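Here the structure comes first, spelled out in structure tokens, and everything after it is commentary.
FYI, it's all coordinate maths here, none of it is from the lab. Since this is a predicted model, take the numbers as computed values, not measurements. In this analysis, Cβ positions are derived from the backbone assuming ideal geometry, glycine residues included, and neighbour counts consider all displayed protein chains.
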Amino acid sequence: MRRFLDLADLSRDEVLDLLALAQSLQDKPQPNALAGKILGLVFFNPSLRTLASFQAGMSRLGGDSFVITPGQGTWQLETRLNAVMNGSSAEHIREGIPVLASYCDALGVRAFAEGRNLQADLAETLFGMIDGLCDKPLVNLESAVNHPCQALADWRTLDELRVPRRGKFVLSWAYHPRPLPLAVPAATLHMAAMRGMEVVVLRPEGFALPDALMEKARQAAAAAGGAVSETTDRAAALAGADVLYAKEWGTTTYYGDVEADARLRAELGDWCVRERWFAGAAPEAKLMHCLPVRRNVAVADEVLDGPRAVVKREAFNRLVVQMAVLHRMLA
Ligand code: CP
């Protein structure tokens, strides 16, 4: 495997193979599998889980890693094509990415959406450029509209919890004081559809996921025997739900317009997930979130501290599935 950029690039059987490899590495550790191998990690945006779990996973497989956070102890990297570089960026990714790739055996890059132009972000313009500049195996650590490592970990978490393949999976918008990118909702939607679930996107007016993402998920659902729908009706969405996956994202109707987004979300403070949301759900329904989560803003303490929350298991599974990805790429 040379690229891990989008779960949709893999067949369902390839995903199941990766999950089986993750289980096997957990049951029978291979502490020397990646001896002598180096993983480079480039973070244009902050992280806790992705950074720590990739470094830990590489070490547990006997390999090594280095981390670059452009502009923090290293040169600021310019990403715009044809930029006149007379500002703060001393180096362009057109040199920086190939140079970093030449020092390692695989590269992981996190580069969030710019959040100004929806079509450019949907087209993964920046990550596509990084992909073209990297001649080593490349892992997407979260791009404009994708987070395949999170999606793979969440698939494993659903399997561990024995959530039925045809179970009801509600991806719900949750409140945040500012607009967040579409990467996790897009990746989560596709993962649940590809797993064959009955997926419902629950969101307020103004926050519909873009048609291109919904259509891609519908195709994955059709191939796996599942379904994808969307609604603004919380009670209908959560009736009989097995999983409520909470996630914050920005307005899509006024994408890139921070003031319009702020006006819309000013009325939406009650989109903080509370125990009463689960009144009509399956009795054992679970609460998932990729983390980080703002307590009592996106999800209430009563849910995060209760038996429904599996957020820490999701985070642990990042380590397990990423070791499988690294093993498949480098062993
Ligand atoms: N879920 C996730 O990717 O966490 P970090 O942003 O902390 O890496």
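Return the single residue from Ser59, Ser11, Ser172 with maximal mean-square fluctuation; model: Gaussian network over the chain, springs between Cα atoms under 10 Å.
Ser11
Quick one: which residues, 5 or more positions from Ala106 or on another chain, have an amide H under 5 Å from its amide H? H modelled 1.01 Å from N in the peptide plane, none for Pro or chain starts.
Correct list: Ile38, Gly40.
One quarter of the convex hull surface, Cα atoms only: what value does that give for segment 162-309 in nm²?
On the way: hull surface 31.4 nm².
Projected area, direction-averaged: 7.9 nm².
Can you pull out the trypsin sites (Lys or Arg not before Pro) in segment 110-156 whose DSSP state is coil and whose Cβ has at most 14 other Cβ atoms within 10 Å? Before the final figure, lay out the partial values.
Working: sites: Arg110, Arg116, Arg156; in loops: Arg116.
In loop regions of segment 110-156 (DSSP not H, G, I, E or B), the sparsely surrounded trypsin sites (Lys or Arg not before Pro) are Arg116.
Once you keep just the Cα pairs under 8 angstrom separated by 6 or more residues, what percentage relative contact order results for the chain?
Reported as a whole number, the value is 21 percent.
If you split all Cα-Cα distances of segment 225-316 into 5 Å bins from zero, what percentages do you get per bin, shortest first?
It works out to 3, 12, 20, 22, 20, 13, 8, 2, 0, in whole percents.
Out of every Cα pair in the chain, what percent are spaced more than 36 Å from each other? Let's see the in-between values first.
Working: 9665 of 54615 pairs.
Tail of P(r) above 36 Å: 18 percent of Cα pairs.
Can you show me the helix-derived [θ] at 222 nm for the chain, built from DSSP H runs with n ≥ 4 at -39,500 (n - 2.57) apiece and divided by the number of residues, rounded to the nearest 500. Don't skip to the end; give the middle numbers.
Values: 12 runs with 129 residues, N = 331.
The per-residue figure over the chain is -11500 deg cm²/dmol.
When the label point is put 7 Å from the Cα of Ser88 along its Cα-to-beta-carbon vector, which residues of segment 101-127 have a backbone N closer than 19 Å?
110-116, by backbone N distance to the label point.
If the chain between Asp135 and Lys28 were fully stretched, how many nm would it gain, using 0.36 nm times the residue separation less the Cα-Cα distance? Mind showing how you got there, number by number?
Details: separation 107, 0.36 × 107 = 38.52 nm, distance 3.14 nm.
Stretched out fully, the Asp135 to Lys28 stretch lengthens by 35.4 nm.
Would you mind checking which residues have amide H under 5 Å from Val299's amide H? H placed 1.01 Å from N; only 5 or more apart, or other chain.
Amide H neighbours of Val299, under 5 Å, 5+ apart: Val273, Arg294.
Just to be sure I understand: with springs between alpha-carbon atoms less than 10 Å apart, which residue in Tyr175, Tyr254, Tyr245 has the highest mean-square fluctuation in the Gaussian network model of the chain?
Among Tyr175, Tyr254, Tyr245, the largest mean-square fluctuation in the Gaussian network model of the chain belongs to Tyr254.
Filter the chymotrypsin sites (Phe, Trp or Tyr not before Pro) in segment 100-135 to those in DSSP coil with at most 14 other Cβ atoms within 10 Å of their Cβ, and list the result.
Working: sites: Tyr103, Phe112, Phe127; in loops: Tyr103, Phe112.
Counting only loop positions with at most 14 other Cβ atoms within 10 Å, the chymotrypsin sites (Phe, Trp or Tyr not before Pro) in segment 100-135 are Tyr103.
Residue by residue through segment 4-11, what is 3J(HN,Hα) from phi via Karplus (6.51 cos²θ - 1.76 cosθ + 1.60, θ = phi - 60°)? Round to whole Hz and write x for glycine and proline.
My calculation for segment 4-11 gives 10, 10, 7, 4, 5, 6, 9, 6 Hz in order.
Can you list the residues, at least 5 places off or on another chain, whose amide H is less than 5 Å from the amide H of His92, using H built in the peptide plane?
Glu78
Say R0 is 35 Å: what FRET efficiency, to the nearest 0.05, do Glu259 and Ala331 get from their beta-carbon distance?
Numbers: r = 50 Å, r/R0 = 1.43.
Taking R0 as 35 Å, the efficiency between Glu259 and Ala331 is 0.10.
Which whole-angstrom value gives the distance between the alpha carbon centres of segment 241-286 and segment 17-77?
32
Assuming 0.36 nm per residue, please report the length gained on full extension of the stretch Glu284 to Ala235 beyond their Cα-Cα distance.
16.0 nm
What residue among Met191, Met288, Met85 has the largest mean-square fluctuation in a Gaussian network model of the chain, using Cα springs under 10 Å?
In this elastic network of the chain, the residue with the biggest mean-square fluctuation among Met191, Met288, Met85 is Met85.
What's the longest piece of the chain with no exposed GluC sites (Glu not before Pro), counting a site as exposed if DSSP puts it in a loop and it has at most 14 other beta carbons within 10 Å? Don't jump to the answer; show the numbers that get you there.
Values: sites that count: Glu205, Glu267, Glu284.
Longest run free of exposed loop sites: 1-204.
Less than 11 Å from a label point 7 Å out along the Cα-to-Cβ axis of Arg116: which backbone N atoms in segment 77-94 qualify, by residue?
80-81
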